[in-house]
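Structure record follows, encoded as structure tokens.
Bear in mind these aren't lab numbers, they're just calculated from the coordinates by the rules spelled out. On a predicted model such as this, the values are computed, not experimentally measured, just so you know. Here the Cβ positions follow ideal geometry from the backbone for every residue, glycine too, while neighbour counts run over all protein chains shown.
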Amino acid sequence: MKKDSRVRIGVYVCHCGGNISEVVDVEEVREFAGLQQDVVLSKDNTHMCSDIGQQLIINDIEEHKLDKVVVAACSPQFQGETFMDALEKAGLSPYVVQMANIREQCAWPHYDNPELATGKAKILLRAAIAKVRFSEPLEKQTMPIGKRVLVIGGGIAGIQASLDLGDAGFEVYLVEKEPSIGGHMAQLSRTFPTEDCSACILSPKMADVPSNKNINLLTYTEINNIEGYIGNFKVNAIKKPRYVDMDKCVACGDCEEVCPVCIPDEFEEGLTTHPAIYTPFDFAVPHRNLIDAEACINLQSNLNACGNCIQACKEDAINFEDEPEEIEFLVDTIIVATGFDIFDPSEKKVYGYDKFENVLTALEMERIIVKAAEGNPIRDLGKRIGFIQCVGSRDEQVGREYCSRVCCMYATKLASLLKHSDSKRDIYIFYTDLRAFGKGFEEYYKRAQNMGVKFVRGRVAEVFGNSNNKKVTLKVEDTLTRQIIESEFDTVVLSVGLGLSKSTDKIAELLRLAKSEDGFLKEAHPKFKPVDTNVAGVFLAGTVQGPKDIPDTVAQAGAASSRAIRLMNQGEYPIEPIVAFVHEEQCDGCELCIESCPLDAISVSAEVAEINEALCLGCGSCIASCPRDALDLHLYTNKQLLEEIKNALEGKKEGESRVLVFADDTCTYRLADSVGTAKLSYTTDSIIIRVPSGSRITPKLMLTAFELGADGIFIGDCEDRTSPFPHSGQVIRENVAKVREILEEEGIKPERLKFVQFVTIMLKGFVNNMNELVDFTKKTGPIPQKKRGKLVKGINKKLFGEVYDKKT
Amino acid sequence: MIKKLKISNKNQEFLAKVEELSGEIITKCDQCGICSGSCPMVPEMDITPSQMMRMVQLGESEVMESKAMWLCASCFACTVRCPRGLDLSRVAEALRQMKLRKAIDHIDIKKLPEDEMERLPQIALISGMRKFTG
Amino acid sequence: MKVPYYPGCTLKTKAKNFETSALAVAKKLGIELIELPRWNCCGTVYSLTDDDLIHHVAPIRNLIRVQEMNKNGLVENDHRLVTLCSMCFNTLKRSNIRVLENSDDLKKINDFMYLEEDYEGNVEVIHFLELIKDIGFEKIRENVTNPLEGLKIAPYYGCMLLRPKEVGIDDPEEPVIQAELLSALGAEVIDNPYKKVCCGSYQTIQDKQVVSNLAYDILMRAKDAGAEAITLSCPLCMFNLDSRQKEIKEEHPYFNEIPVFYFTQLMAIGFGLNEDSYGLDLNYVNPESLLLEKNLIRRNNAK
């Protein structure tokens, strides 16, 4: 036991019920730790994470006045929070405990070499002690959060989320760019698999929205700008002019009868027309008329051309003086529910959508069926109808590889409905796979087959026109009989896939939301956070996140509102203290760092850099950009990393090779744990150091590591597309390139520095990479000390060149 | 007569060989049939293009006895339409080459009738010889 | 302007009218097509296996000639290579892409042809239709003295001009370049959904029945749509769609033959050029009666 010093560290080595102690000599490690500087006590226990183990720590903190703790046990990703909670209970900051991972990253992968494993455990422990020595006793920080939500998009997802939030007592702004809410669901005829009338089940929900006192419904309004962050989003929206007074209009239709203009009806997918002054559709909410400014000849001619509607309107509701209105408000959280657009079939020229009148999209068919059921048929479909599946889906030729999930079912539904209304129809569905996976789906598919709908397995190659009649010919291989079908059809329906709606792009840009590979907005975690996004306080609901049917959309809307409520109900939200900060005395306001942050979290005022902690994600990319070492990262400070590196490299024997592995928290560290859990063996000559992102490791740190004795450095990070930090891959590549250049200049093989992007399932990949690098360093031999020493000399000039000189 | 297929190691070897020669990952084919629907020569074939792919996938080397691979005109209609991004013309070429490189020519130029030889332009003869002889 | 030009073997004999009409038409447009010195056969087809480098030597050798032409001053800083035959176009362009994407392969080929200078990778292979498009269809219109009015033509592309996508000069499903040209010449363009279906290509030496069946389909489609003539751009397509009408007639005695032109022949007629330039004698199905009927040429071709 040491005398009183400024830092008092307590070390605890866990047996982990044999998992560790069967390989690593726990007693030896415990004794070794006790000899380190600043370590006041060093104990061991069979299960540190148990109540007893935790109580031990809490008691010792009080009794021995410990102010920092090291627990050598399993992975911090496994039990890290347990020990952080324990420290909080003992009245210490949760951030002064450090774990040494001697289970997943030592005892388990090195089960075949207890002696070397014990040696490595000592190194890991010493490095952890060094890191915790310089840890900051940060407080758990929080920011306030209120009860205001913006829901962007008034389709079924937006409507459901708004109602849930409104009912829960939160203030909702529902912004919809069309003149009515309802979205695409309002256009559907029936819904599968129950064949409920879509409008009938949607209408009551739509009607609930304006009557909910907590919802501010803003239709015909578009988002112009959003600034800020969770708890403080400043929204600027533009309400487009309707030219009809909403309070006076009763939608009687008198104006429509006298309007001379005719334009395609968008709700009817262009199959019919309506006048320039119109109601969006017959169950629109709000149920008011509006004027299409571009079509109205009066508005286009400076109010000189017409005025029939003013004359006809008995309520005096027409107002040609109407102007766009700018609306601004603040919200705490945002739900993005901006929905989908269908694939434009003109892109698939072989199907002749542009050429042939009787080739339709599924959405057009929905309207045709609705109109026919109402008694206003708009088209004669004929007897033989063919459905082409996977149009704009599962197709590399149009860049849409994904499956659109709902088309198999909606085609089955449309076919069923068409058979219902005329049983003599001869209906074929041409598919590649029939996906009827949901509740009631298989049964529905069987019922369609019972009705005589024929399912042919083959993807249609081409649609031809006929020279002698208006029919079209489909050419397709029936893969089950290996016949080529080339036959005439009266009508062809293209089962078009769903894609991200075009209007979403602007929202995604404003909020810096990531997109998945399939082009939809990306959820924060595919399994555990399906409605969160990479931006705090912003959630997704509905088809904006990926193609899905109505029940899944409603479920997601409920999930998103629940996540938002959970966040806002706490009144405050925690800020992860892994944020950048500035050593103000070292900063000279050169502004080089501003560009380096992909989230615009750095600004400079009064010649000193400032970090916006709410925007900062803690990737550390900015640190390498500072020639003054003024930038740093909480919980992974420059000093801490330096000490960790130094201690990880001490005690190297003659001829021994040691490789430092900087593993990013999201992917590589997790992967290393998986490798250990799978008991895959790899070389003991590698020491893993945890970092929030590979971009945290600056060129200076890398070169210092080489100087201090590293024979090789391995940086592991996520693949670009799965990384939670934008551009971290790029930053690492740049850093690595700079260091490799310097290594080469000094005659050191640049291959000693390796950068690999991992997917968390690449277990063998991790093992091979580790072994390869160590083998390489062993084969190449040690780096002469003289060369090591030269690496860091004049490092600022090498990295920053003129900039550094200029700013000196 | 319905065929019985018994899978052995030879099947895997055949598939690997065709994949190597063609440079295409044949297991990617999901048998959608667009290639067959697009092929201009399919009315004359004994097996369809997608069937040819299927047989290669399962490693049935009898596919090399088919007429289909010799009827391929290398017109790439299948290639521009395959939703999986596969190039069937390369697979057909690989199968042809596996025969031709064993010095088994598909046609004998000497047996072409004289009037044909007079009419045929060089481009037809050269391309034919490139595709049908080793 | 002077542009390097690759004829290919067939254009010098069985398809001489293709070359003659093209050269004449080009001249009218102010383009001099300078034939590649010491060119060799391109090989006709592009080898589709990955390990077959030797078959790319012949095409690349032609590209080296373009470099030489520039160095010898035969052309001034023009590294384009214009072809007329679609098959030559496809093979040359594909081989070019192959070596530009694989520097190892390029090195091997260059090393192999140690008697030649290295191919540096600057040549751009284009088809004559692309050249015309660059010049602009307005310019074509200006040069038309004998508009092809009343002539209903279905342009035919076949495969080599359009596929695969990285080689094609137009959209592989709905190409329009010939239609634009023919409109500029004053003709009425008939759309034929089989315009991009392969003519059967080299199958013609193995089984002429197969090719004639295919040609029958293609031509009947065009006729059903109202076409009186076909235009195309490849001597093999010409043989399969024109000469093989003999076999079609044997199988379908009531089949009415339909004339097939190289598009440059129609250009020559439209430009009012001398009959020597468009040589109708090499066309199997005699187009004279059709052209006379439309008053596009005079009897005995004295104009």
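Work out how much length A:Glu136 to A:Glu741 would gain on full extension: take 0.36 nm times their residue separation and subtract the Cα-Cα distance, in nm to one decimal. Don't skip to the end; give the middle numbers.
On the way: separation 605, 0.36 × 605 = 217.80 nm, distance 3.49 nm.
The span from A:Glu136 to A:Glu741 would gain 214.3 nm if fully extended.
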Proximal lysines relative to A:Lys439, as straight alpha-carbon distance under 24 Å, when same-chain residues fewer than 8 apart are discounted: A:Lys205, A:Lys413, A:Lys419, A:Lys454, A:Lys527, A:Lys529, A:Lys548
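Tell me the GluC sites (Glu not before Pro) within region A:633-712 that lie in a loop according to DSSP and have at most 10 other beta-carbon atoms within 10 Å. All intermediate terms of the calculation are to be shown ahead of the outcome.
On the way: sites: A:Glu643, A:Glu644, A:Glu650, A:Glu654, A:Glu656, A:Glu707; in loops: A:Glu650, A:Glu654, A:Glu656.
Of the GluC sites (Glu not before Pro), the ones in loops of region A:633-712 whose Cβ has at most 10 other Cβ atoms within 10 Å are A:Glu654.
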Helix B:9-22 axis, angle to chain B major axis (alpha carbon atoms, nearest 10°): 50
Region A:705-736 residues near the modelled A:Lys779 label - backbone nitrogen below 14 Å, point 7 Å along Cα→Cβ: none
Segment A:Val250-A:Ser423, length gained on full extension (0.36 nm per residue, minus Cα span): 58.1 nm
Estimated FRET transfer efficiency when R0 is 35 angstrom, pair A:Lys65-A:Glu22 (beta carbons, to 0.05): 0.55
C-alpha center-to-center spacing [region A:480-500, region B:1-24] in angstrom: 31
Stokes-Einstein D for the protein assembly as shown, Kirkwood Rh over Cα pairs, 20 °C, 1.002 mPa s (µm²/s): 59
Projected label distance in nm at B:Glu65 and A:Ile58, using a 7 Å step from Cα toward the beta-carbon: 8.0
Cut-off 12 Å (backbone N to label point 7 Å along Cα→Cβ of A:Asp282), residues of region A:368-394: A:370-377
Over region B:9-102, equivalent-ellipsoid semi-axes from the Cα gyration tensor in Å: 19, 15, 12
Integer Hz, Karplus 6.51/-1.76/1.60 couplings in order for region A:536-551, x for Gly and Pro: 4, x, 10, 10, 10, 8, x, 6, 5, 8, x, x, 6, 8, 5, x
Rg(Cα)/(2.2 N^0.38 Å) for region C:145-301, N = residue count: 1.00
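Please go through region A:100-157 and write out the trypsin sites (Lys or Arg not before Pro) that DSSP classes as loop and that have at most 14 other C-beta atoms within 10 Å.
On the way: sites: A:Arg103, A:Lys120, A:Lys122, A:Arg126, A:Lys131, A:Arg133, A:Lys140, A:Lys147, A:Arg148; in loops: A:Lys140, A:Lys147.
When the trypsin sites (Lys or Arg not before Pro) of region A:100-157 are filtered for loop state and at most 14 Cβ neighbours within 10 Å, A:Lys140 remain.
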Whole-number Å³ per residue for the convex hull built on Cα positions in region C:61-208: 155
Stretch gain in nm, segment A:Glu656-A:Glu610, where the contour uses 0.36 nm per residue and the Cα spacing is subtracted: 12.2 nm
Cα centroid separation - region A:170-239 against region A:651-703, whole Å: 49
Proxy reagent accessibility, fewest Cβ within 10 Å first, across B:Leu125, A:Leu360: B:Leu125, A:Leu360
Fewest-first ranking of A:Cys616, A:Cys403, using other Cβ atoms within 10 Å as the exposure measure: A:Cys403, A:Cys616
Sequence-distant residues sharing a close amide H with C:Ile297 (under 5 Å, placed H): C:Leu292
Calculated FRET efficiency for the pair B:Leu58/C:Asn274, C-beta based, R₀ 56 Å, to 0.05: 0.35
Estimated FRET transfer efficiency when R0 is 22 angstrom, pair A:Leu510-A:Ser603 (beta carbons, to 0.05): 0.75
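Sort A:Val331, A:Val736 so that the residue with the fewest other Cβ atoms within 10 Å of its own Cβ comes first and the one with the most comes last.
Working: A:Val331 25, A:Val736 20.
Starting with the residue having the fewest Cβ neighbours, the order is A:Val736, A:Val331.
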Other-chain or far-sequence residues with amide H under 5 Å of C:Val285's (modelled H): C:Val260
Value at 222 nm in deg cm²/dmol, rounded to 500, when DSSP H runs of n ≥ 4 in the protein assembly as shown each add -39,500 (n - 2.57): -10500 deg cm²/dmol
